[in-house]
Structures are given as C-alpha cells and as structure tokens.
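> Have a look at this one before I ask anything.
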Amino acid sequence: MLTAHYSIPLPADYDMNVIHRRVTDRSAPWDARTGLLLKAFCVTDAADGGHNSYAPFYVWAEPHEFGRFLTGAEYAGLCAAFGPVPVRTGTVLQCGIGSGPAGHLVSESEPLGPVTDLRDTVRAETERHRAVLADPSVHTHVVDLDPATMTLTRRTLLRAGAETPRPKNGERVLRVLHLSQPPHTTTG
C-alpha cells in the first residue's frame, strides 16, 4: 500500500466554490476506482482563519493503479487546471480504515533523521496507532514513511460530526468535502 498527497495553494481571494463544484462534479468515478482504498477530497479555507488550498489524500491498495492515475487523464486534467502538481508519496506502515462519512483530516509529519533501523519506530507507531483507533471520533488512521526523506506522517480522518479539531504544534487540519471509499477490487 502507498499514500499519495498533494496540496495546491490558492490565492486568498480564490472562490472556493470552484473547488466545491469540482469535487461534486468529479468525485463519483473515485467512488468506484480500482485499486484505491480511499480518497479524501480536502480543503483549507481562508474563511476558517487559514489559507485556501485544495489538498486530496489517497490510500492506494495497488501501487500500479497509482501509476495509472499519474499517467492518465485524471492527473493531466489536474495539472491543466492548476499547473504542475507535485505529489508526495509514502509507504504505509499502519492503516486502519473506517466506514461512513468523515469531516476533517489531521496531518502531522515527523522527520526521523538519519535512521538505519526502523524497528523501534514501527513498534512505537503500532502502539500509537492502536490508541488512536480506540477513539470513537476517529474514522481512519494511516501512518506512512517517505524513505527518501525519512519522514513519518500520521493522518487521522475524524468522523463527520466530530468536534472540529484545533491544530496542535505542527499539525495541519483540513476539511473533508467528500470521502471516496470504493469496494476493494484487485486487478491482474
């Protein structure tokens, strides 16, 4: 499994209704996308005291399907609309995916430094992962590692209706406009 995430910064006066319409118009195919476990269509909004951005987050069960996304019409259309869009990826270390709608995504990254033995890190993250999933407001929790930068990223989707989180040190809070969770199918 792998994660993919990009964040497109938008001007402070950008009409975020354009993004809302984009998500409404383009989310249905993602609800049945082969090889995808979930796609959270996320935004931040200057009206909420932050800045405007469009920042989807994906969990791919099948990395070759992520490759098809990057080399297909979907990514080409994204770049045609917003210019070049760098996509960050990570190898999934922990993943617990819930069901139903989600309201917010909380993301935090931690640079690990020049680590050569990740076994202690994985053990600690396994315990943290179990504790996070025990919270009834948590929909999904995913921990990934970018081995090129040795950065660990924890992403927690909160259930729709859960209290809007206040970001803690280093956290980023995004609002989920739509959550696609296609039935898992494999391709041959």
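The values are calculated or read from the model by the stated rules, or taken from the named source; none is laboratory data. Predicted model, so just to flag it, every value in this text is computed and none were measured. For neighbour counting, all protein chains shown are included, and Cβ atoms are generated from backbone atoms with ideal geometry for every residue, glycine included. Note: areas computed on protein heavy atoms with side chains; ligands, DNA, RNA excluded. Shrake-Rupley method; radii C 1.70, N 1.55, O 1.52, S 1.80 Å.
> Which part of the range 79-102 falls in the paramagnetic zone of Ala134, meaning amide N under 17 Å from the point 7 Å along Cα-to-beta-carbon?
Taking a point 7 Å out along Cα→Cβ of Ala134, the residues of the range 79-102 whose backbone N falls under 17 Å are 96.
> Same structure, new question: With every protein chain left in place, what is the accessible area per residue of the range 16-90 in square angstrom, probe 1.4 Å?
Per-residue value: 44 Å².
> Report, by chain and number, residues whose modeled amide H sits under 5 Å from the one on Glu171, excluding near sequence neighbours (fewer than 5 apart, same chain).
Correct list: empty.
> Give a residue-ordered list of calculated ³J(HN,Hα) values for the range 136-148 (Karplus: 6.51 cos²θ - 1.76 cosθ + 1.60, θ = phi - 60°; whole Hz; x for Gly, Pro).
x, 7, 8, 8, 8, 9, 10, 10, 10, 10, 9, x, 6
> Let me ask something else. Working with all protein chains in place, sort Asp120, Asp15, Asp146 by solvent-accessible area computed with a 1.4 Å probe, largest first.
Asp120, Asp15, Asp146
> Something else about it: Sum -39500 (n - 2.57) across every DSSP H segment of at least 4 residues in the chain, then divide by the residue count to get the 222 nm mean residue ellipticity, nearest 500.
-7000 deg cm²/dmol
> Using a Gaussian network model on the chain with a 10 Å cutoff between Cα atoms, which of Ala28, Ala81, Ala160 fluctuates the most?
Maximum fluctuation in the GNM of the chain, among the listed residues, is at Ala81.
> Could you give the alpha-carbon Rg of the range 1-112 over 2.2 N^0.38 Å, rounded to two decimals?
Rg over 2.2 N^0.38 Å, computed on Cα atoms: 1.08.
> Now a separate question. Considering the Cα positions of the range 19-81, please state its Rg to one decimal place and its Dmax as a whole number of Å.
12.9, 38
> Multiplying the sequence separation of Asp45 and Ala73 by 0.36 nm and subtracting their Cα-Cα distance, what value in nm do you get?
Gain on extension, Asp45 to Ala73, equals 7.4 nm.
> Explain nothing, just compute: Karplus ³J(HN,Hα) = 6.51 cos²θ - 1.76 cosθ + 1.60, θ = phi - 60°, for every residue of the range 123-128 in order, whole Hz, x for Gly and Pro.
With coefficients 6.51, -1.76 and 1.60, one gets 4, 5, 5, 5, 5, 4 Hz.
> Ordering Glu127, Glu74 by how much accessible area each has at a 1.4 Å probe, largest first, what is the list?
Glu127, Glu74
> Between Ser99 and Arg26, what length comes free when the chain is fully extended (0.36 nm per residue of separation minus the Cα-Cα distance, one decimal in nm)?
24.2 nm
> Tally up the carbon and sulfur contribution to the accessible surface of the range 1-140 as a whole percent, 1.4 Å probe, everything protein left in place.
56 percent
> In addition: Between Asp13 and Ala148, take the C-beta separation as r, use R0 = 22 Å, and let me know the FRET efficiency to the nearest 0.05.
After rounding to 0.05, the efficiency reads 0.05.
> Expressed as a rounded percentage, what relative contact order does the chain have, with Cα pairs under 8 Å and six or more residues apart?
32 percent
> With log10 I(q)/I(0) by the Debye sum over Cα atoms at q = 0.08, 0.13, 0.16, 0.19 Å⁻¹ defined as stated, name the option among (i) -0.25, -0.69, -1.07, -1.51; (ii) -0.33, -0.84, -1.15, -1.36; (iii) -0.28, -0.69, -1.00, -1.33 computed from the structure displayed.
The value computed from this structure is option (i).
> Using the Karplus curve 6.51 cos²θ - 1.76 cosθ + 1.60 with θ = phi - 60°, work out ³J(HN,Hα) for each residue of the range 32-43 in order, rounded to whole Hz, and write x for Gly and Pro.
The phi angles translate into 10, 5, 4, x, 9, 8, 7, 9, 9, 7, 10, 9 Hz.
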